[in-house]
Amino acid sequence: MKSKNLDLEDSWDSPSVFKKQLELNISELSSPQSYPPHWNDFIRLVKHFKPKTILDVGCGCGALSEICNRHLGVEYTGVDYSSHAIDLAKKQWSRAHFLQKDYKALSRKFINSFDLLHLGALLDVLPDGDEALSRILSLSPKSVLIGRMKHTESPSFYNTYAAYGEIETYEFHHNREKFYKLCHDSSFSVNKLEENESDSYYLVNEKTI
């Protein structure tokens, strides 16, 4: 049920939450058979569209950098607003590049130095994922890969839930028609491979083709 006047965005700035996230991710990295569906989707989509550089926005503890290292051979940079997440990521994945940066502070010049902007767990933990996506697309990235997007035929809404038994956070659901209209109006084509196991989308900026 949607709660009013609820601000849980800062709830993720917790060292214990990211330690638990890292423990889970290391377990999932133990073998390809343990990968969650959105990791498999990420691998397939990146292999299909072949970007050379990736900016992972809301990277958390940075486990996706290891997926890039193992399977894709792309240049990875992760950003997250939490200093705890970035400190942990730098210690665990020393071959990758990490920066502490809020998605709201991203500039057009910065994101356009990357072939692909990855939004894996950003939009679904914000109170208005539609607004966040609109802001990001307004910066005209070359392409955007959205993982684990939750859709609804109803107006967009959010629930709240307990994450890792530590914090309360958002679970945003995007109105499907509104999502496609936003992409179209922002000059992005929407690509979803038929064999995708989860709702992952690869958006291509038609102005940069």
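Going by the structure shown, is residue 199 open to solvent by less than 70 Å² (accessible area, probe 1.4 Å), part of a loop (DSSP other than H, G, I, E, B), touching a Lys or Arg at 6+ places or on another chain (Cβ under 8 Å) and acidic (Asp, Glu)? Outline the logic, then answer.
Numbers: open to solvent by less than 70 Å² (accessible area, probe 1.4 Å): yes; part of a loop (DSSP other than H, G, I, E, B): yes; touching a Lys or Arg at 6+ places or on another chain (Cβ under 8 Å): yes; acidic (Asp, Glu): yes.
In short, yes.
Can you say whether residue 15 is touching a residue at least 12 places away in the same chain (Cβ under 8 Å), open to solvent by 50 Å² or more (accessible area, probe 1.4 Å) and touching a helix residue (DSSP H, G or I) at 6+ places or on another chain (Cβ under 6 Å), as far as the supplied structure shows? So that I can check it myself, show each step before the final result.
Numbers: touching a residue at least 12 places away in the same chain (Cβ under 8 Å): yes; open to solvent by 50 Å² or more (accessible area, probe 1.4 Å): yes; touching a helix residue (DSSP H, G or I) at 6+ places or on another chain (Cβ under 6 Å): yes.
Yes.
Given the condition at pLDDT 95 or above and small (Gly, Ala, Ser), answer yes or no: does some residue in the stretch 158-178 qualify?
Among the residues of the stretch 158-178, not one is at pLDDT 95 or above and small (Gly, Ala, Ser), which makes the answer no.
Considering only residues of the stretch 7-49 that are among the polar types (S, T, N, Q) and assigned to a helix (DSSP H, G or I), which is farthest from residue 86 (Cα to Cα)?
Looking only at the stretch 7-49, we keep the residues that are among the polar types (S, T, N, Q), and these are 11, 14, 16, 21, 25, 27, 30-31, 33-34, 40.
Adding the requirement that they be assigned to a helix (DSSP H, G or I) leaves 11, 16, 21, 25, 27, 33-34, 40.
Details: 11: 16, 16: 13, 21: 13, 25: 15, 27: 20, 33: 27, 34: 24, 40: 24 Å.
Out of the qualifying residues, it is 33.
If you take the residues in the stretch 75-107 that are among the acidic types (Asp, Glu), at pLDDT 95 or above and within 21 Å of residue 14 (Cβ to Cβ), which one is surrounded by the most Cβ atoms within 10 Å (Cβ to Cβ)? Outline the logic, then answer.
The initial filter retains those residues of the stretch 75-107 that are among the acidic types (Asp, Glu), namely 75, 80, 87, 102.
Cutting the leftovers down to at pLDDT 95 or above gives us 75, 80, 87.
With within 21 Å of residue 14 (Cβ to Cβ) added as a condition, the list becomes 80, 87.
Numbers: 80: 28, 87: 15.
Per the criteria, the residue is 80.
Here are the criteria: (1) open to solvent by 20 Å² or more (accessible area, probe 1.4 Å); (2) touching an Asp or Glu at 6+ places or on another chain (Cβ under 8 Å). Tell me which single one residue 158 does not satisfy.
Just one mismatch for residue 158, condition (1).
If I ask for residues that are assigned to a helix (DSSP H, G or I) and surrounded by fewer than 19 Cβ atoms within 10 Å (Cβ to Cβ), which ones from the stretch 126-140 would you list? Spell out the reasoning first.
Within the stretch 126-140, the subset assigned to a helix (DSSP H, G or I) is 129-138.
Selection gives 130, 131, 134, 135, 138.
The values are calculated or read from the model by the stated rules, or taken from the named source; none is laboratory data. As the structure is a computational prediction, the values presented were derived from the model and not from experiment. Glycine gets a Cβ as well: all are built from the backbone with ideal geometry, and neighbour counts include every protein chain shown. Keep in mind that these areas ignore ligands, DNA and RNA; they rest on the heavy atoms of the full protein, side chains included. Shrake-Rupley method; radii C 1.70, N 1.55, O 1.52, S 1.80 Å.
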